[in-house]
Every structure is written in structure tokens, then in C-alpha cells.
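Q: Please see the structure below; I have some questions.
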Amino acid sequence: QALKTVVGTGNSQYNGVVPINTTLSGASYQMLDDSRGVGGKFGGMAITNADHSSANNPDPGSIYTNSGNTWGDGKQYINGGSTTNANGQTAAVNALWGLMNTYDANKNALGWHSLDGNNTATYIAAHVDTSYDNAFYDDSCKCMYIGDGNSFYSLGSIDVIGHEMSHGVTASTSDLTYSGESGGLNESNSDIGGEMVEAYARAGGTGAVIPATGNDWMMGTEISKTGQPLRWMYKPSKDGQSPDAWSSTIKYLDVHYSSGPNNRMFYFLSQGSSSDPASDYYSKYLVKSPAAMTGVGNDKAYRIWFKANTTKFTSSTNYADARAKVLASAQELYGAGSKEAIAVQRAYAAINVGA
Ligand code: ASN
Ligand code: ZN
């Protein structure tokens, strides 16, 4: 039975005042949107209050409710304060805005419904644990948990939400094993998804394409208290840990570092590279003339990548296999000798994979 979805006002922490879909239920409003997904634990996309339940064995709690349809105060949640007053609701506003945009980017641009492609409704539980410096996807609930942070601000920026929920797409499709090179590709897929949702949301969250601009190619810029993001996709080594190119030893790195080369590949595929050796956008593996490559833009790059991850990769896909399958995707979408297919070859060459 269809619920009555109404548009409420959310005072978010990172995106100003945002329109959020809620449901009027009796005399109160709920953070439930049955227009985005079917079934699931709550019968629609929902945001719940984990209310400091331990991250080791989290209880998602129940759906956020409110007497009015204006939510949040736009400020960082004060640890120890109420999770249900306006300050406590802010993390839920962040979550709903990020999740609505993740759902819409996947559906409107890629024709992919929810995380599993079958439109199973998902949810996010805010305020997990206490002063918790992480956010994580859990495939057993096809849901995500957001910590309030201690070293970070509340971990509910759009790119973090897009990242975590993209783990759900991978879990339902390629199921890339979360270690070695396949683990790096799993992480990279989530960073790519996070940035593409960010671009989609920043352009207003409508339309059938991923916008050409709008994302910053850095993960977690907003949640950082230091001004340093978690990861730089265009030059991963700026974090002091991640490699910029593939080598036979990246499989030994943590998956959040072995993701780096593929992140850089995707940046080059979308945005192109520089021929200036002093530039962050220069690759020493593209020194042959021409020394730089032209990108195909966010929309085409994401279509090519997403098709490969959801229909061609297997759980053991490594960098070499990814190159072959991303190239096949580009050839199927745009033609065998297309500029898009050539861009894939060059983007992988730029990270030392393939010719
Ligand atoms: N936020 C982290 C991630 O999605 C959690 C983890 O390390 N599994 O990668
Ligand atoms: Zn991840």
C-alpha cells in the first residue's frame, strides 16, 4: 500500500537546506520514503536512530519521527546530547539526503534500482556507537551505519554515503573479494560511486546523466577536521600511503591504499591527464607522444565502469582483468575503435596496466 510521501525541510550539516522525502503517519512525520525502493526492513527507504548502539553488534533502532516536517539544525551533533532533538536529527538529514541522491543517481543515470538492481529498499542508521570515527556498509541488512565521529565530523557527507552504499552494489554483483587486488578494486568502486553521487547531488539531484563537474575528486573532504581528505583520487600518493600506479606488490597493501591506482585511472578516464611533469595530473607512464590523454567525462566514464563491475567482474578480478573488462564495456557501449575505448586503454596505461 502506497504511503503518502511529503517533502520536508532538512537542515543538513554539509549541504545547507535540502528537500527530503518523508511520510505523514498519524500526527507525526517519519523519515520513510516508499518511492525509493520496495520492501526491505521498513517498507521503503528509511533513516533510523541507532542511538549509540555498539558498532560491534549494532541495532539500527527505529525510524526517525518528528512532530513537524522541518528537521535538524545544520550543526555538528554534540556527543552526549539528544539524538532526537534538532541537533540529533541533523545526522539523519545528512543520511537521507545522501541516500536519496545515491538512489537517484543509480536509477536515473544508470537504470540501476537500489543497491541490488531489484529495487530492494535500504536504510541508514545514524548515531552508531559513541564518538565513532567510521561509517560502514553491512550486507546482512543491505544498510549502512554512520558514526558521529571524534577525529572526524559526523560521517555522513554525500561521498561517504555514496561510497558505503556502492559496497552494496558490489556485494550484489561482482562481489569483489575484500583483500588483495580485488579488494582494492572493491574500494575503488566505492570511491568512484561516492564521487559520482557527489557530482549528481551538487547539480541538484535530477537528470539522466552524471554531471560533468561538481565533485572534488577527494574522499571525505567535508568530514575532515584537518582540511586533509581521506583520499585523493587524482593523485593517491598525496596521502603518503597509496601508490599512484599498479605494481606487483600493491596486492599486499590495505584495500584503502591498493584502491589508489584504479581511482587515478578513473580520474584520467573522466577528466584526462596533464603533460606537465610538475603537475599532480601527470603520469610518467604516459610519456610517449602524446604525453597526456583526454577524458570522456563523468557520465561516460561511470557508465563504462559500472557496466564492468555489475556485469563482467568476478570476485577474483584483479587489475589486469579489470582493464580487459572495462575496455570490453567501453567497446560494447561506444564501439570497438571509439575514442572512449581508446581512453580506457590510455587510462590504464597511465597507471602501468596494459600497453
Ligand atoms: N568506511 C570503511 C569502508 O567502507 C569501513 C571499512 O574499512 N570496511 O571501507
Ligand atoms: Zn569502503
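Residue-by-condition table, conditions (1) aliphatic (A, V, I, L, M); (2) in contact (Cβ under 8 Å) with a residue 12 or more places away in the chain; (3) buried (at least 24 other Cβ atoms within 10 Å of the Cβ); (4) touching a helix residue (DSSP H, G or I) at 6+ places or on another chain (Cβ under 9 Å):
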position	(1), (2), (3), (4)
Y137	no, yes, no, yes
F152	no, yes, no, no
G156	no, yes, yes, yes
D159	no, yes, yes, yes
E164	no, yes, yes, yes
T177	no, yes, no, yes
G180	no, yes, no, yes
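Q: I've got another one for you. Restricting attention to segment 272-285, does a residue exist that is within 16 Å of ligand 1 (Cβ to nearest atom) and hydroxyl-bearing (S, T, Y)?
A: Our first condition is that a residue be within 16 Å of ligand 1 (Cβ to nearest atom); within segment 272-285, this holds for none.
Scanning segment 272-285, I find no residue that is within 16 Å of ligand 1 (Cβ to nearest atom) and hydroxyl-bearing (S, T, Y), so the answer is no.
Q: Could you check segment 112-123 and list, in sequence order, the residues that are more than 15 Å from T173 (Cα to Cα) and either in a loop (DSSP other than H, G, I, E, B) or within 13 Å of ligand 1 (Cβ to nearest atom) (or both)?
A: Going through segment 112-123, the residues more than 15 Å from T173 (Cα to Cα) turn out to be 121-123.
A121, T122 - these are the residues of segment 112-123 that are more than 15 Å from T173 (Cα to Cα) and either in a loop (DSSP other than H, G, I, E, B) or within 13 Å of ligand 1 (Cβ to nearest atom) (or both).
Q: Now, a different point. Among the residues of segment 212-234, are any part of a helix (DSSP H, G or I) and at pLDDT 95 or above? Don't jump to the end; show me each part of the working.
A: Step one: filter segment 212-234 for residues part of a helix (DSSP H, G or I), giving none.
Within segment 212-234 (the criterion being part of a helix (DSSP H, G or I) and at pLDDT 95 or above), the answer is no, since none of the residues qualifies.
Q: Any chance segment 288-310 includes a residue that's at pLDDT 95 or above, closer than 18 Å to S237 by Cα, assigned to a helix (DSSP H, G or I) and assigned by TED's automatic domain parsing to the domain that holds I250?
A: At the first step, the residues of segment 288-310 found to be at pLDDT 95 or above are 292-310.
Right, trim to closer than 18 Å to S237 by Cα and you get none.
No: segment 288-310 contains no residue that is at pLDDT 95 or above, closer than 18 Å to S237 by Cα, assigned to a helix (DSSP H, G or I) and assigned by TED's automatic domain parsing to the domain that holds I250.
Q: Let me ask something else. Of the conditions (1) in a loop (DSSP other than H, G, I, E, B); (2) closer than 22 Å to I223 by Cβ, K41 satisfies every one except a single condition; which number is it?
A: (2)
Q: Being among the hydroxyl-bearing types (S, T, Y), under 23 Å from the mean Cα position of the chain (by Cα) and over 19 Å from L327 (Cβ atoms) is the filter here, so list the residues in segment 250-304 that pass it.
A: If the condition is that a residue be among the hydroxyl-bearing types (S, T, Y), under 23 Å from the mean Cα position of the chain (by Cα) and over 19 Å from L327 (Cβ atoms), then Y257, S258, S259, Y281 are the ones that fit.
Q: Does segment 163-185 hold any residues that are of a type in the set (G, A, S), at negative phi and more than 12 Å from ligand 1 (Cβ to nearest atom), and which are they?
A: Kept after step one, since they are of a type in the set (G, A, S), are these residues of segment 163-185: 166, 168, 171-172, 174, 179-180, 182-184.
This time we only want the ones that are at negative phi, so: 166, 168, 171-172, 174, 179, 182-184.
If the condition is that a residue be of a type in the set (G, A, S), at negative phi and more than 12 Å from ligand 1 (Cβ to nearest atom), then S172, S174, S182 are the ones that fit.
Q: Could you tell me whether any residue of segment 316-323 is farther than 27 Å from Y178 by Cβ, surrounded by 15 or more Cβ atoms within 10 Å (Cβ to Cβ) and at pLDDT 95 or above? Spell out how you get there, then give the answer.
A: Initial filter on segment 316-323 (farther than 27 Å from Y178 by Cβ): none.
No: segment 316-323 contains no residue that is farther than 27 Å from Y178 by Cβ, surrounded by 15 or more Cβ atoms within 10 Å (Cβ to Cβ) and at pLDDT 95 or above.
Q: Pick from S151, S190: which is within 11 Å of ligand 1 (Cβ to nearest atom), modelled with pLDDT of 95 or more and not β-branched (V, I, T)? Break it down stepwise before answering.
A: Values: S151 fails: within 11 Å of ligand 1 (Cβ to nearest atom).
Only one candidate qualifies: S190.
The values are calculated or read from the model by the stated rules, or taken from the named source; none is laboratory data. Given the structure is predicted, the values throughout are model-derived calculations rather than measurements. Cβ sites come from the backbone with ideal geometry, for glycine too, and all protein chains shown count toward neighbours.
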